[in-house]
Every structure is written in structure tokens, then in C-alpha cells.
Amino acid sequence: MRSVQKTRLSFFGASRLLALLAALAVFDLSGCATKPPASDPDAVADFEQTNDPLEPTNRVFYAINNGIDTVILRPAALAYRYAIPGPVREGVHHVLANISSPVQLANDILEGKPRRAGDTTMRFLINTTVGVLGIFDVATKWGYPDHDADFGMTMALWGVP
């Protein structure tokens, strides 16, 4: 019981400390993108070439997201990993992968890869039926391996930088 209270106290102390550090970082970094004096034309030209007008906003959102990740998401992920047995986590992973199969199929079709599109279709049908809604990955054992296909890879294949 004592270790739980100690952990709880240090967790809340850490979250306050993190919020304070994030606020200080935002305040400290707010002066990083200051325009140089007009008396130095080379520095002004360099600043204009590399200036990102959204940098201060991006820094604020990065600090907020990093704080949320540190204070909420990481502890939740660690608790999930600790509380949920490995086979159950693996089943959840398989279900989520099975749900994303139609998107993967669309990318296979857009990439002009009929063999991979057929494999993706078979994986989806096998895992949805025999694999009990995708909890079990039966398709890999039956010769239909999983592969990566996302819209970024599709655009790259089409020559979009």
C-alpha cells in the first residue's frame, strides 16, 4: 500500500513539474525565431530564406503533445502492457490489422498490383471468417503473408515527392 501511495504522489508531482517545464520551454523558445537587425543584410537574407512563420506555434504544440504523451499516453500504454496478457494484446493487434485490410486493398489496387490485392482480399476473408473476426491470423499460416501498403507508398510509386 505504501508503494502505491508513494508512486501516486510522485506521479502527480512529476506532472506538475512537467507542466512547469513545458511552460518554461515555450517561454524560453519564443525568442528563437526573432528577425535579425536590418543593419546585417546577410543575416536578414538568411533569415528570410529559412524562416518558418509557424515555428512558434509548432513549438507550443510540440510541447503540449510531448507533455500529453509523457503524462497520459505513456503511463496508459505501460498500464495496458502490464494489465493485459500478451495473447490478448496479440489478438487485439490482429483485429486492428484485419480492420485496416480494405484500406490496404485499395492501395494495392491503386499501385496496380493485382497479386498483392488478391492476397489482401484472401487475408481479409480468411481472417474474418476462420480467424473469428480477425482475432487469429490464420491467413499467414495458409500462405497469405501480410505486407505494407499505405497511401504514402502509393503516392511515391506514382512519382509524387
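Annotations
- Flag for A106 being under 24 Å from the mean Cα position of the chain (by Cα), within 30 Å of H147 (Cα to Cα) and at pLDDT 90 or above: yes
- Helices (runs of 4 or more DSSP H) completely within the range 36-87 that count 2 or more residues being of a type in the set (F, W, Y): 55-68, 74-83
- V71 being in contact with a Gly (Cβ under 6 Å, 6 or more places away or on another chain), touching a residue at least 40 places away in the same chain (Cβ under 8 Å) and farther than 16 Å from D150 by Cα: no
- Conditions (1) outside any helix (DSSP H, G or I); (2) loosely packed, with under 13 Cβ neighbours inside 10 Å; (3) within 18 Å of the chain's Cα centre (by Cα); number of the one not met by G112: (3)
- Residue in the range 133-142 that is assigned to a loop (DSSP other than H, G, I, E, B), polar (S, T, N, Q) and within 30 Å of G86 (Cβ to Cβ) present: no
The values are calculated or read from the model by the stated rules, or taken from the named source; none is laboratory data. All of these numbers come straight from a predicted model, not from anything done at the bench. We place every Cβ from the backbone using ideal geometry, glycine too, and count neighbours over all the protein chains shown.
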